[in-house]
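*Asks:* Handing you a structure now.
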Amino acid sequence: MSCEVIGEFKSVTKRFGATMALDSLSLKIYRGVNGLVGPNGAGKTTAIRLSLGLIKPNVGSAELFGSDCWRNSLVVRSKVGVLYEKLAFYDHLSGFEQLKLMAKLKGVSVSLVELKELLGIVELDTGAHDRRIGVYSAGMRQRLGLAQALIGNPELVILDEPTSNLDPLNRAKILELIPLLRKEKNVSFLISSHILPELEKVCDNFILMNKGKLLRQGTLEQMFDKSSSSIKFVIKVQPVESVAILLKNEEYVEDLSVIDDSLHVVVKDVTLFKQRLPLLIGQAGASLDEVKMIESDLEAVFKSAVEKEA
Ligand SMILES: Nc1ncnc2c1ncn2[C@@H]1O[C@H](COP(=O)(O)OP(=O)(O)O)[C@@H](O)[C@H]1O
Ligand SMILES: [Mg+2]
């Protein structure tokens with residue numbers, strides 16, 4: 001994870017009548033891929049709208065790229081692209097026409113070649129770009145939204161629940177684009193979701209929220225460090241037995257079994273496990289194919305973090 005901070009909330013409180021949507025919220029947004037995670041009603045959309053200068057904090061302040069999100073919202077928005085939770089398109093336009101219009105409204109000049117490149121990245125270039133948005137599937141609309149958020153080469157792209165209305169295949173398609181865009185366009189992301197495991201593979205910084213408050217912030221491993229629950233890993237390694245024998249003697253290993261060609265290991269200290277595993281594999285003269293964290297355990301961490309605060 002890059003350590004460069006590109007945004008920060010400083011004790012932000014936002015009330016809507018009697019509802020405390022953000023409650024003294026402090027967090028940092030880093031260059032890279034940031035996951036904003038919390039159950040429905042946690043305040044994710046409010047935090048996003050506030051960072052775009054659409055909402056004024058009652059107390060505290062937020063800044064992106066050194067500019068105050070409320071007072072200098074135009075400067076902030078010139079560096080940010082956004083995909084809102086509720087997508088609104090001009091359904092009678094084609095995907096191509098929509099992007100052209102949005103570029104114009106955003107006041108950026110984008111060449112036809114660039115627009116076509118954007119449509120290509122989200123796989124809407126072959127025919128689809130010429131059809132009315134009204135006939136697009138949910139997945140296509142979401143990918144068009146992502147392309148729209150990328151207009152004008154923003155430094156940060158904010159995606160509010162980009163996968164919540166999609167089937168698993170289309171979810172995966174959206175999520176696959178994130179590391180690609182991170183690399184090729186050098187763009188950072190702030191992605192909100194109510195499902196933590198979904199963001200596991202794409203984010204390098206996690207912000208866990210509940211009831212307008214920050215629960216935890218850090219890397220995936222740091223999410224686990226503060227949790228008392230044990231985490232299960234499935235390791236594909238060859239030869240599997242030699243690694244199993246070495247792992248058995250490690251004090252942080254709570255349970256271990258060999259199933260088919262894989263090692264199923266339950267550990268209580270993820271950081272230590274990740275440090276030791278390569279050494280043990282080397283010692284065993286084995287070769288590693290894959291290490292997978294079992295997702296349901298990540299969901300458990302999330303639930304326990306949220307429940308602890310309830
Ligand atoms: N414009 C608004 N008026 C009144 N209440 C709001 C408004 N926007 C959000 N809220 C309330 O603030 C809380 C946080 O909402 P939201 O930011 O949408 O959460 P999330 O995006 O995490 O689901 C909820 O209780 C919601 O009902
Ligand atoms: Mg929301």
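*Asks:* Being out of contact with any helix residue (DSSP H, G or I) (no Cβ under 8 Å at 6 or more places or on another chain) and surrounded by 15 or more Cβ atoms within 10 Å (Cβ to Cβ) is the filter here; which residues of segment 148-167 pass it?
*Replies:* Residues satisfying the conditions are Ala149, Pro154, Glu155, Leu156, Ser164.
*Asks:* Yes or no: Ile231 in the same structural domain as Val110 (by TED's automatic domain parsing), surrounded by 15 or more Cβ atoms within 10 Å (Cβ to Cβ) and closer than 30 Å to Lys308 by Cα?
*Replies:* no
*Asks:* A follow-up question, please. Taking the conditions exactly as written (closer than 22 Å to Leu52 by Cβ, at pLDDT 90 or above and surrounded by 18 or more Cβ atoms within 10 Å (Cβ to Cβ)), does Ile133 satisfy them or not?
*Replies:* When the stated conditions are applied, Ile133 does not pass them.
*Asks:* Here's a follow-up. For residues that are among the β-branched types (Val, Ile, Thr) and within 16 Å of ligand 2 (Cβ to nearest atom), scanning just segment 54-96, find the one that is nearest to Leu166 (Cα to Cα).
*Replies:* Ranking the candidates gives Val82 first.
*Asks:* In addition: If the requirement is being free of Cβ contacts under 8 Å to residues at least 60 places away in the same chain, outside the structural domain of Lys303 (by TED's automatic domain parsing), under 29 Å from Arg31 (Cα atoms) and not small (Gly, Ala, Ser), which of these qualifies: Lys183, Lys213?
*Replies:* Answer to the selection: Lys183.
*Asks:* Right, another one. Where the second residue is charged (D, E, K, R) and surrounded by fewer than 20 Cβ atoms within 10 Å (Cβ to Cβ) and the first is under 15 Å from Glu117 (Cα atoms) and lies in segment 127-149, which pairs have Cβ atoms under 7 Å and are six or more apart or on separate chains?
*Replies:* Arg143/Glu123
*Asks:* In addition: Could you tell me which of the residues Ile207, Ile231, Ile178 is closer than 26 Å to Ala21 by Cβ and either within 20 Å of the chain's Cα centre (by Cα) or more than 16 Å from ligand 1 (Cβ to nearest atom) (or both)?
*Replies:* Ile207 is the lone residue from the list that is closer than 26 Å to Ala21 by Cβ and either within 20 Å of the chain's Cα centre (by Cα) or more than 16 Å from ligand 1 (Cβ to nearest atom) (or both).
*Asks:* Let me ask another. Quick one: Thr163 ticks every box in (1) away from ligand 1 (no atom under 16 Å from the Cβ); (2) within 30 Å of Arg15 (Cα to Cα) bar one, so which box is it?
*Replies:* With respect to (1) away from ligand 1 (no atom under 16 Å from the Cβ); (2) within 30 Å of Arg15 (Cα to Cα), Thr163 is out only on (1).
*Asks:* Sort out for me the helices (runs of 4 or more DSSP H) sitting completely within segment 228-310 that have 1 or more residues that are in contact with a Pro (Cβ under 8 Å, 6 or more places away or on another chain) and among the aliphatic types (A, V, I, L, M).
*Replies:* Because the criterion is at least 1 residues that are in contact with a Pro (Cβ under 8 Å, 6 or more places away or on another chain) and among the aliphatic types (A, V, I, L, M), the helices (runs of 4 or more DSSP H) in segment 228-310 that meet it are 295-309.
*Asks:* Would you point out the residue of segment 38-47, among those that are more than 9 Å from Ala21 (Cα to Cα) and surrounded by fewer than 22 Cβ atoms within 10 Å (Cβ to Cβ), that is farthest from ligand 2 (Cβ to nearest atom)?
*Replies:* Out of the qualifying residues, it is Pro39.
Per-residue answers, yes or no, for (1) within 16 Å of ligand 1 (Cβ to nearest atom); (2) farther than 18 Å from Val5 by Cα; (3) modelled with pLDDT of 95 or more:
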{"position": "Gly35", "(1), (2), (3)": "yes, no, yes"}
{"position": "Arg49", "(1), (2), (3)": "yes, yes, yes"}
{"position": "Leu54", "(1), (2), (3)": "yes, yes, yes"}
{"position": "Asn58", "(1), (2), (3)": "yes, yes, yes"}
{"position": "Ala62", "(1), (2), (3)": "yes, no, yes"}
{"position": "Phe65", "(1), (2), (3)": "no, no, yes"}
{"position": "Cys69", "(1), (2), (3)": "yes, no, yes"}
{"position": "Val76", "(1), (2), (3)": "no, no, yes"}
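*Asks:* Further question: Only residues in segment 274-295 that are under 19 Å from Pro239 (Cβ atoms) count as the first member; pair them with residues that are in a helix (DSSP H, G or I) and of a type in the set (Val, Ile, Thr), Cβ under 8 angstrom, at least 6 apart or cross-chain, and list the lot.
*Replies:* Leu280/Val243; Ile281/Val243; Ala284/Val243; Ala284/Ile245; Ala286/Val240; Ala286/Val243; Ser287/Ile281; Leu288/Ile281
*Asks:* Another one. Would you check if there is a residue in segment 86-93 being within 16 Å of ligand 1 (Cβ to nearest atom) and at pLDDT 95 or above?
*Replies:* There is no residue in segment 86-93 that is within 16 Å of ligand 1 (Cβ to nearest atom) and at pLDDT 95 or above.
*Asks:* Condition first: outside any helix (DSSP H, G or I) and either in contact with a helix residue (DSSP H, G or I) (Cβ under 6 Å, 6 or more places away or on another chain) or farther than 26 Å from Glu117 by Cβ (or both). Now tell me which residues in segment 168-188 satisfy that.
*Replies:* Correct list: Val187 only.
*Asks:* Here is a further query. Could you count how many residues in segment 3-24 are aliphatic (A, V, I, L, M), away from ligand 1 (no atom under 11 Å from the Cβ) and crowded, with 23+ Cβ neighbours inside 10 Å?
*Replies:* Looking only at that region, the number is 1.
*Asks:* If you don't mind, another one. Out of curiosity, is Asn153 part of a loop (DSSP other than H, G, I, E, B), assigned by TED's automatic domain parsing to the domain that holds Ala47 and away from ligand 1 (no atom under 16 Å from the Cβ)?
*Replies:* yes
The values are calculated or read from the model by the stated rules, or taken from the named source; none is laboratory data. Not measured: the values here are computed from a predicted model. Every residue, glycine as well, gets a Cβ built from its backbone with ideal geometry; the counts of neighbours run over all protein chains shown.
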